Structure formats: structure tokens, C-alpha cells
Amino acid sequence: MKHGPRPNGYRDTWCGHLTSERAGTSTRVAGWVHRRRDHGGLIFIDLRDRSGIVQLVFHPETAPQVHQKAHALRAEDVITAAGTVSRREPENVNPNLATGEIELAVNELEVLADADTPPFPLEEGDAVDENLRLRHRSLDLRRPEMQELMALRHRVVATMREVLNGRDFLEVETPELTRSTPEGARDYLVPARIQPGSFYALPQSPQLFKQLLMIGGLERYYQIARCFRDEDTRADRQPEFSQLDVEMAFIDEDDVIELIEAVMGVVFEREGFEVAPPPWPRMTFAEAVSRYGIDRPDTRFGLELRDLGEVLARTEFKVFANALAGGGVVRGINAGPRDLARSDLDGLTEIAMQHGAKGLVWAFVEPEARGWRSPIAKFLTAEELAAVNSRLDASEGDLLLIVADEVTTVGQALSALRMELGRRFDLIDRSRHDILWVVDFPAFFWDAEEQRWDAAHHPFTAPADELSGDPAEVKARAYDLVLDGSEIGGGSIRIHRRDVQEHVFELLGIGPEKANERFGFLLDALRYGAPPHGGIAMGLDRIVAAIAARESIRDVIAFPKAASGADPLTGAPAPVDAAQLRELGLRQL
Ligand code: ASP
């Protein structure tokens, strides 16, 4: 903390600011009792405020009454204390504490609030059950680790604002009560009392508003925006999350990429988070999927996928032959020399199946003629075995994992296996961070379940190619930023012409009537002169968690939802009164 407090009846300095320079002076501090130790006669209190900890000492001879009061102090009591800063005896100096050379000999003490015994010891911190910590978040937030995480989050946001403000961006707020904004998730709905039977939707992102701001001539916009998506909670996903939302007019992909490299470059540098200096490498979607199986590759380790379609083109093994005949692929990874038991292999098969694969082929490369020990070895010819081995650079003892299916499923299954092996065998070089852009995404993908085309990013993304051909071949002017295998940002150049937007809606099965009903306000705005524009959204929670090396974004959100999606602190979501429902024109089923 840089500025001292304004002296008042509670304090005139921060605990953490008291150093030997202040020895001999009088001062007053306030805060929470961190720890109390009685040492024959003397009582020591570690007093904590946001700035740090200072040791208070109570002498029975010099201040008997105050000493008496100090006896009753318990952890987390709130006090104000005044006294004289004195140097500690050399043997009592604590080199681990900023204030470790001094202590405050107290001659005045006032207890401002008693604390009951906390439901968990604050020092145990991360080891304590998360739900208990979330239920008592005000206690949890007192832990120095949590205070540092909140300060880190604040600094990251402040840096983002500073760089963007320096580049003439305007911070603009957009509505939270709005209409559905399609980002591919379920909406949170808010019933409207003023129009019973109608609902607002909480925004999945400010997407359309930021486009309207560009059409509105604001040129450069940003916002730390709250987004709401009704999805299952995971370590890196919450029902509500924050993003740095950005939009610019008269720009192309390189402008957005350069801007974000400037913003994130400064954020990373200031926080001592080591990534390569920008410009960051760009990888096409096609390359990411063929080498790593997914569009957010963790490139800190190998185990890359190889395509086996060519070497197995004439195989008679049904599983492979059928996949290839059906337009699918056969791909594999060489997991290296791994000595895995049958139960481990079953576990890997289970992972592949959780990601949609029908099964997993595993094989250990044998010494003789480099054959295989594998349940399917007998179905492949010696030439095929040799060809697969060579394609996977396999040597004796290597474990090969192969999946045959349609291309997306194979990618997802093998990429999940790759990550599992990376973790299990400690292959990920955690001493470094890899950041890269993924570009040249497809614009549309075929949703086999719904039997229709869907937008890969969102329906407002500008296609890079003419829309007259096969939608599967059309590329999107979209880009994602990937850090250590996690997507930390994504955006696109937008459609700024009404005819193109209408065409895309049509392709996505959103007919003119529906388009008008849902997005009429956008189509209308596009009628009156929209500039070419584009932008991006950066996942703030994930960025802060990555810098802090935290697995869960919940650690960097002051009041997160629990893994269940509920809030253990407030008890939300909670039932409401029948009267409230009536007022909203709702009835419980
Ligand atoms: N609205 C997008 C999202 O939230 C980001 C963007 O296209 O700018 O993912």
C-alpha cells in the first residue's frame, strides 16, 4: 500500500509499514488479531491489516491494565492499539517479516469487535473444504493469499484499462437486462413484471451492443463485462464470468491481434509472467486440429497426433476400414515407452469413450520385427504394423494409442488422452508458458443432431470467403488466443453489410421472420451505414488464474459460485414467495 491512512481514532499507519526507521516514535494501528502468544509475562499479538502483519508486545510491568486486556484477545478480534515502535532484540528479529525488526510496545488497547472462533483456521487456507470457505467468504478473503489474488486481479484490470485508455478507447457499459445474445449457451431469463409472460435475458456477452457502438461511431470501445451462460460449472467455467470486451471500427484481424498483444504483453510483463515477447505465433485451425486434435493446443509438450489413414487405406480390420469408408479418420499418438497395466489401459479407454470415441486401440511395440502386443495385432498385416510403427516413429516398448471415428471425435478423444498422459507422466514443461493465436477457423459446422449448420464462432462473424459454395469450406475471420492449452480470448471481424448478415442467418436456418424478430434491431442498424468492425473478448478470470498459477477460476473471483453452480454464501438460487411469482405472472409447475 503506497499511501498511509488519514490519521483518525483507529489508526495513523498501516501495520505492514512499521520498520526500524520508525523506532522510538509513537503510532496507532488497527486490524485483526492474527495470532496470540503468551511468553511468561509478555504477550505477543500478530496484528494483521491488508498491508501485512506487525508484532504487538504487551508488558505486564509498564502497562499492567492493557496487558490484562490483551489476555482476553482471541484470533480475529478487531482492535486498535497505540504504543511505541521499538527495535527487537537481535535474537528476536524475524527476517521473513517486513516488520520483523521492530515491535509495537502497546500502552493503549481497544477491542472494536469480538470474534467467535472461526469455523476454520485461516492458516490452513487452501486445505480447507472449498464450500466451507465460500460459505464464510468474508473470513476466507482475510487470508493474505486471497488478498494478494484480489490485488492481482485489480492490477490486471487496471493495466488493461491503462493501455486501452492510452489508445483512445472509451469504456462504455451495456445492459444486463436484454434479449438473448447467441453465444451458443443456455440463457438466464428474468421474468418481466411490466409485461407478464415476457422475459429479459441476461447477456451471454455484450456482442450486439458493442457492434451497435461501432455503428454508433464510437470507434474504440472496451468494457469489463459480466457475461451469463447457463452451463455446467467447471474449474475454468462459472455461470457468470468477466471478460475484457473490446471492439474497433475500420480495422482488420491484424489490428485486433496487435492491440491485444500490446495489452496482454504489458499485463504479463508487469506481473512477471514469462511468455515470449509479442508478436505471438499464429497457427491455423487445421494445423492445430491435425497436430493436437483440438483448437486450443497445449504446445508445451509433444505426443502429437499422426494421421494413419494413408498407411491403413487398404486394411481389412473392420474398425479402421469402416471409419475410413465413412469419411472418418484413423489417428494415433506414440505415448513413448510406458509400462502401463491393463487397468491403466482400461482407464485410458474410458477417457476416450467419455470424449465420444467408441473405443481405443492400444498396442505395445514388441522387439521382434517391431510387431505389437495388442488385442488387435492379429487383424493387421505385418506390412501395416510396420507402416503404422514408422508413421508413429515407434520403437521397442512404446505405447501406441489409436482412435478411429469421424474427425472431431478422434481429435477430442486423442487430445484428452494426450493431456492425461502429459499430466500423468509429468511431460508438461511447467517452467514455461506457451501463447499462440489460432486463426483460419471454419465459419460453420454441421450439427448432425439438429440437422443444420451452426456458426462456429457466432452468427455475426464475417466469412472470409464467398458464401456461394459448400458452407463447410467457408473460413471465418475469427481468432482465438491460447495460453498453455486454455482459450483465454477469442473474437472476430464482424459482418457489416446487411445482405451478408441476412445470407448468414438464412444459411443458419434463421428465416427472415425469425431474424427480424430476434435481431431486427441489428439488421435495422446495418441499414444506415455500418463501418467495417471487429473485436475480441478476453477471459479475465482465466487470465488472472493463469498468472496466479491457480487451477480454479473460483480462487480469483471474490464471490464465486461453488462447483455445483450454487452460491454457498447467500444460498442462491433460492425459492421465492408465491406472492412474488403472482406479481410476475408466473406459476410453479
Ligand atoms: N462475443 C464473443 C464472446 O463472448 C467475443 C467476440 O466475438 O468479441 O466469446
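The values are calculated or read from the model by the stated rules, or taken from the named source; none is laboratory data. Being a predicted model, the structure only gives us computed values, none of them experimental. Neighbour counts run over all protein chains shown; Cβ positions are idealised from the backbone, glycine included. For the accessible areas, the whole protein counts, side chains as well, though only heavy atoms, and no ligand, DNA or RNA atoms are used. Shrake-Rupley method; radii C 1.70, N 1.55, O 1.52, S 1.80 Å.
Taken over region 504-529, the criterion of being among the hydrophobic types (A, V, I, L, M, F, W, C), under 23 Å from Gly217 (Cα atoms) and away from the ligand (no atom under 16 Å from the Cβ) is satisfied by Phe521, Leu523, Ala525, Leu526. Hey, can you tell me all the residues within region 458-484 that are open to solvent by less than 60 Å² (accessible area, probe 1.4 Å) and within 12 Å of the ligand (Cβ to nearest atom)? Within region 458-484, His458, Pro459, Phe460, Thr461, Ala462, Ala476, Ala478, Tyr479, Asp480, Leu481 meet the criteria.
Would you mind stating whether Ala225 is within 23 Å of the chain's Cα centre (by Cα), buried (at least 21 other Cβ atoms within 10 Å of the Cβ) and among the hydrophobic types (A, V, I, L, M, F, W, C)?
yes
All conditions in (1) in a helix (DSSP H, G or I); (2) of a type in the set (Ser, Thr, Tyr); (3) over 27 Å from Arg234 (Cα atoms) hold for Ser138, with the sole exception of (3).
Scanning region 73-96 for residues that are aliphatic (A, V, I, L, M), more than 21 Å from Leu141 (Cα to Cα) and either modelled with pLDDT under 95 or open to solvent by 20 Å² or more (accessible area, probe 1.4 Å) (or both) gives a single hit, Val93.
Within region 463-498, being touching a Pro at 6+ places or on another chain (Cβ under 6 Å) and closer than 17 Å to Ala249 by Cα holds for one residue alone: His496. Of all the criteria given as (1) closer than 15 Å to Thr13 by Cβ; (2) open to solvent by less than 30 Å² (accessible area, probe 1.4 Å); (3) touching a residue at least 40 places away in the same chain (Cβ under 8 Å), the one not satisfied by Asp49 is (3).
Quick check on Glu162: is it of a type in the set (Asp, Glu), at pLDDT 95 or above, touching a Lys or Arg at 6+ places or on another chain (Cβ under 6 Å) and open to solvent by 10 Å² or more (accessible area, probe 1.4 Å)?
no
Condition (residue is assigned to a helix (DSSP H, G or I), farther than 30 Å from Arg300 by Cβ and within 16 Å of the ligand (Cβ to nearest atom)) applied to region 490-503: is it met by at least one residue? Yes, region 490-503 contains at least one residue that is assigned to a helix (DSSP H, G or I), farther than 30 Å from Arg300 by Cβ and within 16 Å of the ligand (Cβ to nearest atom).
Exactly one residue out of Glu183, Glu247 is within 11 Å of the ligand (Cβ to nearest atom) and open to solvent by less than 20 Å² (accessible area, probe 1.4 Å), and it is Glu247. On inspection, Val66 does not qualify as in contact (Cβ under 8 Å) with a residue 12 or more places away in the chain, open to solvent by less than 40 Å² (accessible area, probe 1.4 Å) and within 24 Å of Pro144 (Cβ to Cβ).
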